[in-house]
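Derivation of every value follows stated rules applied to the coordinates shown; laboratory data play no part. Computed from a predicted model, the values in this text were never measured in an experiment. Methodologically, a virtual Cβ is constructed for each residue, glycine included, from the backbone with ideal geometry; neighbour enumeration extends over all protein chains shown.
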Amino acid sequence: HLDDRATIYHGDCIEVLQQLPDCSVDAVVTDPPYGDQYTHLYGELAKWASAKLKPGGSLVAYVGQGNLPDVTAEMGPHLRYWWTLALMHKHGGQQLPGKWVMVEWKPLVWYVKGTRSGRLYVADRMSGSKPRKDLHEWAQGVDEVGYLIEQLSEPGALIVDPFAGSGAFGYAAQALGRHFIGAENGSHRDAS
């Protein structure tokens with residue numbers, strides 16, 4: 001249950017989150033849809049975050065390996081690349097037909113506005129918890145997100161997830177005493 005420290009808006013994330021004041025967001029942690037048809041969303045996300053993040057704020061986005069070069073090309077003009085984190089699939093790998101790869105980890109790209117604020121070390125390899133696919137077909141685990149939120153922000157900080165899905169990242173944020181704003185339009189679920 002999300003409490004009064006959390007809000008999820010319904011609609012296109014860039015439109016509904018445009019109302020946030022510039023330089024008001026401490027961190028963006030999100031899982032945009034993957035695939036060639038969605039790569040442009042990472043550029044739009046980074047452009048939006050370049051205005052909304054506080055100086056030193058972080059944007060961490062989940063990404064599929066196959067789109068990693070295109071995603072970084074989209075995001076690079078707007079924010080400073082900081083690192084790529086490896087999220088190990090603790091719940092087992094997944095076969096990727098066409099590429100013929102057994103996928104056992106997922107990259108998370110980390111960008112910052114200017115330079116990173118804070119001095120807590122962040123492990124660049126994490127184990128993921130089992131996602132709740134019954135809540136949302138593209139759900140991610142919550143444990144690793146809680147770790148990232150804790151390392152990249154202070155209690156009371158504003159965490160934003162523009163692709164909120166089931167709101168799992170919001171639960172993690174509020175459990176750590178952070179405020180949360182998310183957006184979800186759900187239209188990607190109907191795309192092929």
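Points to keep in mind about this one:
- Here the chain is treated with +1 on each Lys and Arg Cβ and -1 on each Asp and Glu Cβ, and its dipole about the Cα centre works out to around 520 debye.
- Too-long pairs where the Cα-Cα distance tops 31 Å, listed order kept, from Lys52/Lys106; Lys52/Lys90; Lys47/Lys106: Lys52/Lys90
- Counting DSSP beta bridges with both ends in the chain, the antiparallel % (nearest 5): 45
- The label point for Gln151 and the one for Met102, both projected 7 Å from the Cα toward the Cβ, are 2.7 nm apart.
- Leading residue at positive end of dipole, region 29-135 (Cβ point charges), from Gly56, Trp83, Tyr111: Gly56
- Sparse-neighbourhood loop sites, GluC sites (Glu not before Pro) in region 31-137 - DSSP loop, at most 11 other Cβ within 10 angstrom: Glu137
- Calculated Rg/Rh (Cα atoms, Kirkwood Rh) (choose from (1) 0.93; (2) 0.97; (3) 1.00), label: (1)
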